[in-house]
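Below is one structure; the comments refer to it alone.
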Amino acid sequence: MAIRNKVVLAMLFFSLLALSAYSYLGTQEPDVDPELITCNHQCQQQQQYSEEEKRICEERCEEYQRMKKERQKEIEEEARRKKEREHHQRQDEGSDEEGGEEESREKENPFVFQDKHFETRVETDDGRVWVLQKFTKKSELLRGIENFRLVILEANGHTFVSPCHFDSEVVFVVVKGRATIGLVKEEGTERFNLQPGDIMRVPAGATVFMVNRDEREKLFIAKFHMPVSIPGEFEAFYGPGGEDPESFLTAFSWEILQAAYKTQRHKLQRLFEGQKKGSMFNVSREHVEALSKRTMSPGIWPFGRQWRGPFNLLSNGPSVSNEYGRLFEMSPDKQTQFQDINLLITWVNITNGSMTAPLYNSLATNVALVIDGKGDFEMACPHISFSSEGRSSSATYQRVSARLRPGVVFVVPAGHPFVTVASTNTNLQIICFEVNARGNKRIALAGKKNVVKAMDDRVKELAFNFPAKLVQRIFNRDEQFFFPGPCTFEEREELGRAYA
Amino acid sequence: MAIRNKVVLAMLFFSLLALSAYSYLGTQEPDVDPELITCNHQCQQQQQYSEEEKRICEERCEEYQRMKKERQKEIEEEARRKKEREHHQRQDEGSDEEGGEEESREKENPFVFQDKHFETRVETDDGRVWVLQKFTKKSELLRGIENFRLVILEANGHTFVSPCHFDSEVVFVVVKGRATIGLVKEEGTERFNLQPGDIMRVPAGATVFMVNRDEREKLFIAKFHMPVSIPGEFEAFYGPGGEDPESFLTAFSWEILQAAYKTQRHKLQRLFEGQKKGSMFNVSREHVEALSKRTMSPGIWPFGRQWRGPFNLLSNGPSVSNEYGRLFEMSPDKQTQFQDINLLITWVNITNGSMTAPLYNSLATNVALVIDGKGDFEMACPHISFSSEGRSSSATYQRVSARLRPGVVFVVPAGHPFVTVASTNTNLQIICFEVNARGNKRIALAGKKNVVKAMDDRVKELAFNFPAKLVQRIFNRDEQFFFPGPCTFEEREELGRAYA
Amino acid sequence: MAIRNKVVLAMLFFSLLALSAYSYLGTQEPDVDPELITCNHQCQQQQQYSEEEKRICEERCEEYQRMKKERQKEIEEEARRKKEREHHQRQDEGSDEEGGEEESREKENPFVFQDKHFETRVETDDGRVWVLQKFTKKSELLRGIENFRLVILEANGHTFVSPCHFDSEVVFVVVKGRATIGLVKEEGTERFNLQPGDIMRVPAGATVFMVNRDEREKLFIAKFHMPVSIPGEFEAFYGPGGEDPESFLTAFSWEILQAAYKTQRHKLQRLFEGQKKGSMFNVSREHVEALSKRTMSPGIWPFGRQWRGPFNLLSNGPSVSNEYGRLFEMSPDKQTQFQDINLLITWVNITNGSMTAPLYNSLATNVALVIDGKGDFEMACPHISFSSEGRSSSATYQRVSARLRPGVVFVVPAGHPFVTVASTNTNLQIICFEVNARGNKRIALAGKKNVVKAMDDRVKELAFNFPAKLVQRIFNRDEQFFFPGPCTFEEREELGRAYA
């Protein structure tokens, strides 16, 4: 047994998982992990091993090293995120919840995205582009929308955004500020002056540039990308450029470029050394004024009939409106422009202290971006099971909830009942990208017209096991879609009680 | 070496895989696994460990625990299934095969599903809902149909099924019994009385309830779900309900509910305490009679033009019919209702002792549910390679075969030739959900019109390397689509031999 | 501690990863791995183990064995591939690059496929069928085209290809030689005589046979498969056949076949013993002549309106043409035939020493097959990051490059700028299968009409940070689409310098 012990120990010494407790034995060498050296050494010293077995052994060593490093990275990442979370921890005046609760809630919530779920793709002195992580990175439950990517662009006053094209269809929504957007076609350039609420579809492959027309006000644009080449992935292709943004032309060899442009190499080199300012940079007032002169001839864009220039979501008036809120939708003739991508865009403005009726979409999945104000979101979900506050984990429907503030993104899958509530201080404004929108119906669960109220008395009675008249009394109210919110209501309740 | 031994042993003590043999060392504590406690303890006691390493160590302990528990679950699950298999082992009078063979055959057959592949999603005293596992759980070969889910609902006499909506399109097919199905829209409720062969499309998000109109006879409904939100996953959303079925409204916080329904909390609490009977329960004859009165105004359903109420598959007469069997198909005007989901439903009734011609679908993949009778299924498949009975594994085409009985589901991918045979005692009835059906052709390989018979003589001769006349003689016969089956044939053969 | 040591050691002896160094202990038994026997034995001898724990233990043994075998397979596979690579290493006379560089370049290049990426699916004395590996086998970046498969068929003179159907839509393109293709429908056979440039769509499930009409010249056909049943997978289904090609009918049991064909078993057995020549074999001149007589009645194919027989890509003349090259495209009326599969086929002929303009597709992803000549391919890609020649890995756009020769396949995703160059000796001919082609635009980056030239001067200036006039001078030239290539250019440059 003794000899066997030794042999086994020797073997275990460099076996994959024994290594997990092994790091303190290594000698200190600067570049390569000493653990890896020792492990490989042990592999080579095993005389009973064939060359192939030694190779397998060494590969195990490396694999373990890799795993260890990844784990370390994860730990660092977690630490970084924790810091970030602490940094972002809202000092929300209306918040009566504790940070700890929110943190754990967030961890378990696959439908809500915050600042930390965005990656910075471009960052210059004059602007930034954030890309929301792939939806499936957060949860497999979002695989139905995995080909969509949400992007936020922020540009300082008089900032120019260099021309580029994308390998994705894109919809631009101007959230804040005044932009001039130019589309370049082989026949010339077409420019449009946009304001908040303007929506513009940019076809895949179309070269687009932008400028913030305003000298002071920041420009915020929400972009919804629908990749056409690699599902879920898109990139910006800068043709005009140089070192920064790098022109994709510089990826070609000099021989090719010389032939393509019938130009000597040194001239091309000079050309590509010109631009070093990045893809977003400040330009002069004169430049801005020249760029924001609208072009005269809109012409017919080569990207086909669906493309008809920008339109304003807010200008036609709301499709639903009362004192508690307003809903702006694309009019049917504008929708045809988006039919091939099966997308609908809506803009919701909930009056401070008000809320939306509990409702669900029959077909559409809603990717919602909070653009102004504060508030709350609650949704019932049967697809997840986790223990949330005050609710046994045996519940069929989990409450998904989130505090809303500008930049928060929440996803409402089809069929899922949800509610959004504006804080008592500010209106809550949300832009919704509704995918799979064709034929979608919003089905209300409360308000003047709702699906429970519409049931036969007998069905109400059977379903609730409760007198139909009492059910009807609860599900009957006059407002539609937008209601007074919980806070307002509490006051009224108080009032009511006083009178009772 | 001795000291090193001890150290290594101590480390190994709590390393991931050493733990697999470690359970007997733990002291008996009731709630937490003693193994986990010991493991974590060991992690903390390692003085050479940094805090981070201790943390990694403890995480490994937890991961091992999780793996162990999962493995235990699997073992239990396997045991359960084995019992189930034994329980279900058919005492099939027509079977001349041994159970053992069938079992191994089943294991290797990714195209056939039995009772054990269904999960019970609802079970009350009065009814059950079974959901077939995801097709891809069985085999990656079925990933082309992974978004579809087959469901069977069984309800006792006078059972009410509570109103709910689904995050999927659904097609209901009444297999047996008499149902009243109600669709609730915001303008009111529409009810339909259905009988066997009735097909009804329920749009995603539509609230639907049901009652078994018959006092005695069980109601069986086959449902084909096409999820719209999370691919391959769907859930029932019960709005009206309480504790059981839980109403999804109870997932919202009280403040939200109070505001949404302008109602005091205690009233809402009482409402949601009413229902405890589950989603399927027995109701009085009076209730049934009231519910099964057809509504007068069908109106126009808000879910759009494609929805036009139920229709009967059997009422228009078969599209193919002879003494050996009948095929019922949706007429072209009904098909338009299903065009957007690219689905065709057929009902096949094979006379006892008869069979279908060998044939294949050009485009459609057929998900077939046996609803009555017994029989056999054979299919040729080039995509799998396993050693089946009496057939070398080098064969290009594997025989996929299954005994058919009510509840068995078999899948026939496009292009795959197959045959179904009814037992000598009973007619075999099958409902087929044909996905990707647009433009599909059924291509026969035997019978009056078949693709081999239609070849030029020269091609026949070259392809079979056999005289065209003899090929023609074999591939020429009068019947079409339904033939006398093997058993009948054997008798005839005997007769034939007697005359020869 | 001593006893504990022993126990732990005993346990570790057969734990999963200790086994990795354990093989030398096994006694030599021929069939079963001695390691597995020892491991299982150790599991059984552990008295402190419950039955369940013993079972887990044995499963671990088996899992380890499986992993080991897989690893061995991988090693063998790697060795095989390495040999193959060495074998294929081109002795390309026009190549001025070193083999080593190309090899490493290839390894890092997910967009280019060579001989070794094809699998031989059929190989007889008279012909071969090669299938390109699944695109996703090479890179996840190609998952957007993972349902498409490229196939090359090569047949000697007077070779007959047996009738079969596919579970995929197929487009045949005759690359070289003269073929007769027959389509069999239940009403009869339709035959077409094809020549280079002929394109023919074969619907899924349609039975198709072929013959090389020429006695001497080889026939080359490129086939583009779009599976309809199992995404990314297709198979040939030979009905007429016997032992080789095996008839799929032989997968059915004899009872079924006897009943289906009302024929005695021995007759069927004789039929299926006839064919042993394989799916491609030489036939007599008389057979060829009989088969290549065109059928009189084209009739209406049962596969629907989209199918209208073959047409020639080259006969209508090029859509782009100059002395440097010609581009042949499907005319709009032919395109409708391919609209449901959203595919466009083009044939590019680049004059020796010439090149295509740098351009990108707005929507289509181009799967290009080199069919004649030699040359080079360069593409800019932002989705990959690897260190390529003379280019820091921090570059935004990587150069993807490949030497082109017949049989090489390269993929150009939407949005990616690329260039192809013909060698100075031979014209370069390429067939392009453009998927997702509906609404696609080719956007040029150089030449008479190009997107940079079309920009406003101010945008040019801002984007390049370079005087607009100089930018314009570089981006302004007269030719369109096809240009003189780098070699020609170099000479001119020399000339130019002489005159300067």
Item to check | Failed criterion for B:GLU190 (all others in (1) over 20 Å from B:ILE431 (Cβ atoms); (2) of a type outside the set (A, V, I, L, M, F, W, C); (3) in contact with a helix residue (DSSP H, G or I) (Cβ under 8 Å, 6 or more places away or on another chain) hold) | outcome: (3)
Item to check | One residue from B:GLY177, B:GLY205 being within 7 Å of chain A (Cβ to nearest Cβ) and not acidic (Asp, Glu) | outcome: B:GLY205
Next on the checklist: Could you check region A:171-220 and list, in sequence order, the residues that are in contact (Cβ under 8 Å) with a residue 60 or more places away in the chain and β-branched (Val, Ile, Thr)?
Outcome noted: A:VAL171, A:VAL173, A:VAL175, A:THR180, A:ILE181, A:THR189, A:ILE199, A:VAL211
Next on the checklist: Considering only residues that are away from chain A (no Cβ under 14 Å) and without any contact (Cβ under 8 Å) to a residue 40 or more places away in the chain, which ones fall in region B:130-165?
Outcome noted: B:TRP130, B:GLN133, B:LYS137, B:LYS138, B:SER139, B:GLU140
Checklist entry - Somewhere in region B:151-161, is a residue of a type in the set (Phe, Trp, Tyr), modelled with pLDDT of 95 or more and in a helix (DSSP H, G or I)? => result no
Item to check | Subset of region B:126-145 that is at pLDDT 95 or above and assigned to a loop (DSSP other than H, G, I, E, B) - its residue that is farthest from B:VAL419 (Cα to Cα) | outcome: B:ASP126
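Kindly evaluate B:ALA414 against the criterion of being within 7 Å of chain C (Cβ to nearest Cβ), modelled with pLDDT of 95 or more and closer than 30 Å to B:LYS137 by Cα. Working first, answer last.
Details: within 7 Å of chain C (Cβ to nearest Cβ): yes; modelled with pLDDT of 95 or more: yes; closer than 30 Å to B:LYS137 by Cα: yes.
Criteria met by B:ALA414.
Name the residue, out of B:ILE384, B:ILE350, that is modelled with pLDDT of 95 or more and touching a Leu at 6+ places or on another chain (Cβ under 9 Å).
Criteria check complete, one pass: B:ILE350.
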Item to check | For C:GLY278: the one exception among (1) more than 9 Å from chain B (Cβ to nearest Cβ); (2) on the phi < 0 side of the Ramachandran plot | outcome: (2)
Next on the checklist: Taking the criterion of being crowded, with 23+ Cβ neighbours inside 10 Å and charged (D, E, K, R), would at least one residue in region C:169-178 satisfy it?
Outcome noted: yes
Checklist outcome for this item: Listed by first then second residue, the pairs whose first member lies in region B:446-470 and is at the interface with chain C (Cβ under 7 Å from one of its Cβ atoms), whose partner is surrounded by fewer than 23 Cβ atoms within 10 Å (Cβ to Cβ) and basic (Lys, Arg), with beta carbons under 7 Å and at least 6 positions apart or on separate chains, are B:ALA446/B:ARG477; B:ALA454/C:LYS185; B:ASN465/C:LYS277
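The values are calculated or read from the model by the stated rules, or taken from the named source; none is laboratory data. Keep in mind the model is a prediction, meaning the values are calculated, not measured. Ideal geometry is used to build each Cβ from the backbone, glycine not excepted, and the neighbour counts take in all protein chains shown.
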